[in-house]
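Undergrad: My questions all concern the structure below.
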Amino acid sequence: AQSVSQHNHHVILSEAASLELGCNYSYGGTVNLFWYVQYPGQHLQLLLKYFSGDPLVKGIKGFEAEFIKSKFSFNLRKPSVQWSDTAEYFCAVKTNNAGNMLTFGGGTRLMVKP
Amino acid sequence: GAGVSQTPSNKVTEKGKYVELRCDPISGHTALYWYRQSLGQGPEFLIYFQGTGAADDSGLPNDRFFAVRPEGSVSTLKIQRTERGDSAVYLCASSQSGTSGGVGEQFFGPGTRLTVL
């Protein structure tokens, strides 16, 4: 079965610092990849998604992610974080052998200090 | 428009009791998903409906868990003989397309926090 790993469980940054959150998955076939964000007290919402084409995907709020197939990775980046980016971030994968279920990583809790 | 809604937002029950959790998807979304999120973990898939039928129930942990979607809209997740280990946030999501290979984004509800004492 496929799995998703997010190696950074907690990240603390100061405002204006650059962000990169790691995501690796274990599946050799076709994948769709997602980053979801959960702000404090709110529900999960989609940041960005990759289905095909350009492996560099741009999402909302200045976030982007790069799909590197050879590394089975889909890392999330933002050049300059803001205090309002404090949230929990989840990477998820949908594979072509598992229907429409999403497999999520364990999440990364980001705290941005003002 | 309205998003995915879930009721109740919180449910506290005693071990051994029966509970029902409700999900109201976005209008027109044919696919509906249930996930469970335990503390400190990412959501885990439970079951997926395409219309009225359960297209994939491989994530249900055991036969105490059951879900229905009789009219292809609202869904109810039912848990019999609850155990303390069932305590978690139960998330519902819906999407426009659930067909294999479809690219419908899953929209999540706020979840129901279930606590089994």
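Undergrad: Please verify whether the range B:8-21 includes one or more residues that are under 22 Å from A:PHE90 (Cα atoms), at pLDDT 95 or above and of a type in the set (Gly, Ala, Ser).
TA: Initially, the range B:8-21 is screened for residues under 22 Å from A:PHE90 (Cα atoms), giving B:9.
Then drop every residue that is not at pLDDT 95 or above, which leaves B:9.
Adding the requirement that they be of a type in the set (Gly, Ala, Ser) leaves B:9.
Yes: one or more hits.
Undergrad: Another question, then. Would you pick out the residues in the range B:39-53 that are open to solvent by 20 Å² or more (accessible area, probe 1.4 Å) and of a type in the set (Val, Ile, Thr)?
TA: B:THR52
Undergrad: Let me ask another. Going by what's in this entry, would A:VAL57 be described as touching an Asp or Glu at 6+ places or on another chain (Cβ under 7 Å) and within 30 Å of B:TYR90 (Cβ to Cβ)?
TA: Working: touching an Asp or Glu at 6+ places or on another chain (Cβ under 7 Å): yes; within 30 Å of B:TYR90 (Cβ to Cβ): yes.
It is true that A:VAL57 is touching an Asp or Glu at 6+ places or on another chain (Cβ under 7 Å) and within 30 Å of B:TYR90 (Cβ to Cβ).
Undergrad: Hey, can you tell me all the residues within the range A:29-45 that are without any contact (Cβ under 8 Å) to a residue 24 or more places away in the chain and assigned to a loop (DSSP other than H, G, I, E, B)? Steps first, please.
TA: In the first step, residues of the range A:29-45 are kept if they are without any contact (Cβ under 8 Å) to a residue 24 or more places away in the chain; the result is A:41-43, A:45.
Correct list: A:GLY41, A:GLN42, A:HIS43.
Undergrad: Identify the residue in the range A:27-61 that is small (Gly, Ala, Ser) and loosely packed, with under 13 Cβ neighbours inside 10 Å and, among all such residues, is modelled with the lowest pLDDT.
TA: So in the range A:27-61, the residues small (Gly, Ala, Ser) come out as A:28-29, A:41, A:52-53, A:59.
If we keep only those that are loosely packed, with under 13 Cβ neighbours inside 10 Å as well, we get A:28-29, A:41, A:52-53.
Numbers: A:GLY28: 81, A:GLY29: 85, A:GLY41: 89, A:SER52: 89, A:GLY53: 92.
That would be A:GLY28.
Undergrad: Additional query: Output the qualifying pairs, or none if there are none: Cβ atoms under 6 angstrom, residues six or more apart or on different chains, first residue in the range A:69-82 and under 16 Å from A:ASP54 (Cβ atoms), second residue open to solvent by 80 Å² or more (accessible area, probe 1.4 Å) and outside any loop (DSSP other than H, G, I, E, B).
TA: From the range A:69-82, the pairs are A:ASN75/A:GLU20; A:ARG77/A:GLU20.
Undergrad: Restricting to the range B:54-70, name every residue that is under 18 Å from B:SER94 (Cβ atoms), open to solvent by 30 Å² or more (accessible area, probe 1.4 Å) and within 14 Å of another protein chain (Cβ to nearest Cβ). Show your work before the answer.
TA: Just the residues of the range B:54-70 that are under 18 Å from B:SER94 (Cβ atoms), to begin with: B:54-57, B:59, B:67-70.
After this cut, where a residue has to be open to solvent by 30 Å² or more (accessible area, probe 1.4 Å) as well, the list is B:54-57, B:68, B:70.
Listed by number, the residues that qualify are B:ALA54, B:ALA55, B:ASP56, B:ASP57.
Undergrad: Output the qualifying pairs, or none if there are none: Cβ atoms under 7 angstrom, residues six or more apart or on different chains, first residue in the range A:100-112 and at the interface with chain B (Cβ under 9 Å from one of its Cβ atoms) and closer than 13 Å to A:CYS23 by Cβ, second residue among the hydroxyl-bearing types (Ser, Thr, Tyr) and open to solvent by 30 Å² or more (accessible area, probe 1.4 Å).
TA: Every condition considered, the pairs that remain are A:THR103/A:SER3; A:GLY105/A:SER5.
The values are calculated or read from the model by the stated rules, or taken from the named source; none is laboratory data. The model shown is predicted, which means the values in this text are computed figures rather than measured ones. Here Cβ is always computed from backbone atoms with ideal geometry, including for glycine, and neighbour counts include all displayed protein chains. Heavy atoms of the whole protein, side chains included, go into the accessibility calculation; ligands, DNA and RNA do not. Shrake-Rupley method; radii C 1.70, N 1.55, O 1.52, S 1.80 Å.
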